[in-house]
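**Student:** The structure follows.
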Amino acid sequence: MRCIFIDDEKPAVDLVCSYIAKVPFLELAGSFNDLGKAVTFIMSESVDLIFSDIGNIGI
């Protein structure tokens, strides 16, 4: 299962990505600290699951 992780804090990205690496059925397709880059990635790549800690994004 291809997944990505989005968070604006580098330590959180590192921690969650290390957890994802320990789950055999998860493939980390990318990690992002910028929502715009994550959206661009999602529009061009297949992703099954998104982990995110992006709160108030101004929508």
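**Student:** If you count the DSSP beta bridges with both ends in the chain, what percent of them are antiparallel, to the nearest 5?
**Tutor:** Roughly 0 percent of the beta bridges in the chain run antiparallel, per DSSP.
**Student:** Between ASP34 and SER52, what is the label-point separation in nm under the 7 Å Cα-to-beta-carbon projection?
**Tutor:** Roughly 1.7 nm, to one decimal.
**Student:** Another question, if that's okay. Take the alpha carbon gyration tensor of the chain, find the square roots of its eigenvalues, order them as a ≥ b ≥ c, and report rounded if a/c is under 1.5; if not, report prolate when a/b exceeds b/c, else oblate.
**Tutor:** oblate
Each reported figure results from applying straightforward, stated rules to the coordinates on display, with no laboratory input. What you see is a predicted model, and the numbers here were worked out from it, not measured in a lab. When we count neighbours, we look across all protein chains shown, and the Cβ atoms used for this are built from the backbone with ideal geometry, even at glycine.
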